[in-house]
Amino acid sequence: MPSYTAPLKDYQFVLHDVLQVSQQDIPGFADLDRDFTSAVLEEVGKLSSNVLQPLNAVGDIEGCHLENGVVRTPTGFKAAFDQVREGGWTALDAEEQYGGQGLPYVMHTAANEPMVSANMAFNMYQGLTHGAYSAILAHGSDAQKDMFLPKLASCEWTGTMNLTEPHCGTDLGLMRTKAVPQDDGPYRVTGQKIFISAGDHDLADNIIHLVLAKIPGGPDGIKGVSLFIVPKFIVKDDGTLGDRNGVSVGKIEEKMGIHGNSTCVMNYDEAVGYLIGEAHKGMRAMFVMMNEARLGVGLQGYSQSEVAYQNAVAYANDRLQGRAVTGAQNPAGPADPLIVHPDIRRNLMDQKSFNEGARAFTFWGAMLLDKAHKTGDKDAEGLVSLMTPVIKGFLTDKGFEYATAAQQVYGGHGYIEEWGMSQFARDARIAMIYEGANGVQALDLVGRKLALDGGKHLMGFFEMIKTFIKDNEGNEGLEKDFLDPLKAASKDMQAAAMYFMGSMKNPNNALSGSYDFMHLMGHVCLGYMWARSAKAAMAALEGNAADTAFYETKIATGRYYMARQLPATALHLARINTGAGTVMALDAAQF
Ligand SMILES: Cc1cc2nc3c(=O)[nH]c(=O)nc-3n(C[C@H](O)[C@H](O)[C@H](O)COP(=O)(O)OP(=O)(O)OC[C@H]3O[C@@H](n4cnc5c(N)ncnc54)[C@H](O)[C@@H]3O)c2cc1C
């Protein structure tokens, strides 16, 4: 069966060598010194390997079951959830006034990675709760915050997010669930939501559903959508639980992966619901939850690739097949291990260089979010907003690609369930779909984010790369292998952005290239992260760092990314430049 070990050295490298977190002028960051982050991450790493990872296959095989209207989670989930809660892992970045530890979001992100790698389905119960916490924190009333946040922070109660209905997923303006105001009390919510992650379960005393619904008589379409808190059990004024609310589980969906997470049809029947924020401004409140969730989903993508990669490396070292073309490497054995073969190496290098670049990119995104939230820095807010669809779309596409690439290392054994490799691919697959399917992320990127604040953040990103290149010119180690490829890739990205600006007359041209642009930009972001990582690793070596092997490996892995992955930007640009002609050439009937 697969195993998992948290890549603790790499977490430390990204946080301290690359991002230099403790030197950032962001409230709370000065406390993030190496010893502190190391102690925290080592603990959560142990929890992930020893408690969560062994339950991953259990969750996959057993799944969740609906018994007498209540969802039962797989064997061991409840005890593990209690352990996670009691360890305070669900509340690392929650406000101290609500029982959290008040740490920065970047620390939450770093601590989240091993838990997601070890058991993605399990971690979703607390992941959704974290999102519900953030939405209420940002838009709830003081009374709502006092009532719900402490319990959500500790995961004594968990949260869900209810957008999707049978006839509407992407196009939420079509929503039918309604919330009717009452003369003598809260709204009454009626309708059906489908595909609701962690919709019901036996892990917590109460479930706080955040539900989008329309108030009758409000504006049409998406502008008429409001957000409501609908608890499974009504919470009395003294905070104790009262009657069961009018919400029930219709069924649990059968699905391709994340079997340990209950994906439910939720029926709301005149359920008591409390409006969050202003009426008809529900999307604004829900976006707090969705944007954070999108970063979390990007993390899901690469974290599945990471755990799959770790197991593929072990297998490639163990499995004996064929001989190295340059001469036997294991002459005493019947054959050489798979890892001698260049094509296996290529595959593993693709995975490794992606995982580490993706980690740096995601932690950087989390740090930008901290900067935006804790200092009110509008540029950081704009930049992370620009990056969000790329983190979500690119990292989940590639995460799935490399989870299946890791399966390939196992040959037929990767396809056989006994080895556990197919679960990583099956679990990773959903990340490309939920929180807005990746095609829609690309649409958001090209249709909205590029032009955000007059294109200021896009320009800011180009400028950031230009400055980095200029500041490091003459650095021999960096120039040829890192700066030159980054310059070329960034030029491709600028050319693509220019193309979109000129394609306003025919929006089909822009939207036919949006997916390629999301990938083009993803590569540029990872290329930028690799250039920064290589610089940091070189500096550590110059400073006589003890672990030279780690830093040398880092630089060699970065060189691989720059040489073998980053040139993909040229292909994406070439496709973008062809516009909509060939894409839209057929009539619907010709398909
Ligand atoms: C396991 C699982 C868990 C989920 N968890 C939750 C949850 O907790 N809460 C929740 O509310 N929902 C959840 N969802 C729903 C999920 O977010 C939606 O499935 C997703 O947003 C896509 O909506 P849809 O399935 O209706 O697809 P559609 O909206 O019908 O889209 C189908 C395809 O068309 C594309 N498309 C749609 N519109 C456009 C357009 N304008 N331009 C270009 N392409 C377009 C999409 O990219 C997609 O590929 C979950 C789904 C699954 C499978």
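The values are calculated or read from the model by the stated rules, or taken from the named source; none is laboratory data. What you see is a predicted model; the values in this text were computed from it and never measured. So basically every Cβ, Gly included, is an ideal-geometry build from the backbone, and we count neighbours across all protein chains shown. Side chains included, ligands, DNA and RNA excluded: accessible areas come from the protein's heavy atoms. Shrake-Rupley method; radii C 1.70, N 1.55, O 1.52, S 1.80 Å.
Relative contact order, whole percent, for the range 8-139 stands at 23, derived from Cα pairs under 8 Å and 6 or more residues apart. Comparing Cα centroids, the range 168-211 and the range 17-77 end up 28 angstrom apart. GLU552 to ALA335: FRET efficiency via 1/(1 + (r/R0)^6), r the Cβ-Cβ distance, R0 30 Å, to the nearest 0.05? Efficiency, from the Cβ-Cβ distance: 0.55.
The angle between the Cα long axis of helix 342-375 and the main principal axis of the chain comes to about 50°, on a 0 to 90 degree scale. Computed over protein heavy atoms with a 1.4 Å probe, the carbon and sulfur contribution to the accessible area of the range 152-281 reaches 48%.
Taking the Cα centre of the range 207-246 as origin, sum charge times position over the Cβ atoms of Lys and Arg (+1) and Asp and Glu (-1), and report the length of that vector in debye to the nearest 20.
Once rounded to the nearest 20, the dipole reads 140 debye.
Each of MET175, ALA545, PHE77 was scored by the projection of its Cα onto the charge dipole of the chain, and the greatest displacement toward the positive side belongs to MET175; charges sit on the C-beta of Lys, Arg, Asp and Glu.
Computed FRET efficiency, Cβ-Cβ of PHE36 and MET498, R0 51 Å: what is it to the nearest 0.05?
My answer for the efficiency is 0.70.
At 7 Å along the Cα-to-beta-carbon direction for both LYS470 and HIS413, put a label point, then send me their distance in nm to one decimal. The answer from the label model is 5.4 nm. Maximal additional length on extending the GLN20-ASP318 stretch stands at 103.5 nm, based on 0.36 nm per residue less the C-alpha distance. Loop-located trypsin sites (Lys or Arg not before Pro) across the range 456-516 with a Cβ neighbour count of 15 or fewer within 10 Å are LYS505, with loop assigned by DSSP.
Subtracting the Cα-Cα distance of ALA328 and GLU278 from their residue separation scaled by 0.36 nm leaves 10.9 nm.
Taken about its Cα centre, the chain carries a charge dipole of about 1480 debye when Lys and Arg each add +1 at the Cβ and Asp and Glu each add -1 at the Cβ. At R0 = 51 Å, how high is the FRET efficiency between ARG564 and LYS223 if r is their beta carbon distance? Nearest 0.05 is fine. Efficiency computed from Cβ-Cβ geometry: 0.65. Taking the 1.4 Å solvent-accessible surface of the range 8-139 as the whole, the part contributed by carbon and sulfur is 46%.
The Rg/Rh ratio for the range 8-139, using Cα coordinates for both the radius of gyration and the Kirkwood hydrodynamic radius, is 1.01. Ligands, DNA and RNA are left out, and with a 1.4 angstrom probe the accessible area of the range 52-206 is 36 Å² per residue. Each of the GluC sites (Glu not before Pro) that DSSP puts in a loop and that has at most 16 other Cβ atoms within 10 Å breaks the chain; the longest unbroken stretch is 279-472.
When only Cα pairs under 8 Å and 6 or more residues apart are kept, what is the percent relative contact order across the range 451-585? 35 percent.
Hey, what number do you get for the chain at 222 nm if only DSSP H runs of n ≥ 4 count, each worth -39500 (n - 2.57), divided across all residues, to the nearest 500? Rounded to the nearest 500, it is -16500 deg cm²/dmol. What is the Cα centroid distance between the range 383-403 and the range 469-502, reported in whole angstrom? Centre-to-centre distance over Cα atoms comes out at 20 Å. At full extension, LYS236 and ARG448 could sit 72.1 nm farther apart than now, given 0.36 nm per residue minus the alpha carbon distance. With N as its number of residues, the chain has a Cα radius of gyration that, divided by 2.2 N^0.38 Å, comes to 0.97. Computed from the C-alpha gyration tensor, the three semi-axes of the ellipsoid equivalent to the range 451-585 are 34, 15, 10 Å, from longest to shortest.
For the residue pairs LYS281/LYS352; LYS449/LYS470; LYS178/LYS374; LYS46/LYS151, the C-alpha atoms sit more than 32 angstrom apart in LYS281/LYS352; LYS178/LYS374. Normalised by the number of residues in the range 152-281, the average gap of Cα pairs under 8 Å and 6 or more apart makes the relative contact order 30 percent.
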